[in-house]
Amino acid sequence: MNGILFGAWLFWMVAFCAVGIGCRVACRGRLASGRACICGRHEASGRVSAAVAVPSPGTRGPASRFRVAERHVRALQQRYLEGRLSMEQYETELDRVVGRA
C-alpha cells in the first residue's frame with residue numbers, strides 16, 4: 001500500500017514539474033521573440049526589431065486583463081482587511097472587477 005501511495009505521489013510530482021518546466025520554456029521562447037509571456041507576468045522587451053514583433057491592430061500592449069485591474073483589486077483587498085467588506089461582497093466585487101461576472 002505504501003508503495004502505491006509513494007508511486008502516485010512521485011508520478012504527480014514529476015507531472016507537475018514537467019508542466020512547470022514546459023511553461024517556463026514557453027515563457028522564455030515568447031520573451032525571446034518579443035511577445036508577452038503566456039503567464040502575463042513578464043512584458044516583452046524592446047530588443048526585438050519591429051519586423052519580428054508585430055502588434056495586433058487596436059492593442060495597446062502586452063498587459064493582461066488582470067494587470068489592468070490590479071489597482072482596483074488592491075483597493076478591494078484593503079477595504080476587506082479594514083473590515084468594510086464581507087467575504088461575499090469582496091468576492092462579488094472581485095468578480096466584477098476582473099470581468100467574470
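Taken together, the values in this text are just the output of simple stated rules run on the coordinates, not laboratory data. Because the structure is a prediction, the values reported are computed rather than measured. Here the Cβ positions follow ideal geometry from the backbone for every residue, glycine too, while neighbour counts run over all protein chains shown.
Sorting the segments 6-17, 83-94 by their residues' average number of neighbouring beta-carbon atoms within 10 angstrom, most packed first, yields 83-94, 6-17. Taking a Cβ cut-off of under 15 Å around Gln78, the surrounding Lys, Arg, Asp and Glu residues balance to a net charge of +1, with basic ones at +1 and acidic ones at -1.
The stretch between Arg84 and Arg96, if pulled fully straight at 0.36 nm per residue, gains 2.6 nm over its current Cα-Cα span. With a cut-off of 15 Å between beta carbons, the residues surrounding Gln89 carry a summed charge of -2, where Lys and Arg count +1 and Asp and Glu -1.
Each residue of region 6-17 is assigned a 3J(HN,Hα), and the resulting list reads 5, x, 5, 4, 5, 4, 5, 5, 5, 4, 5, 5 Hz, derived from the Karplus form 6.51 cos²θ - 1.76 cosθ + 1.60 (θ = phi - 60°), x at Gly and Pro.
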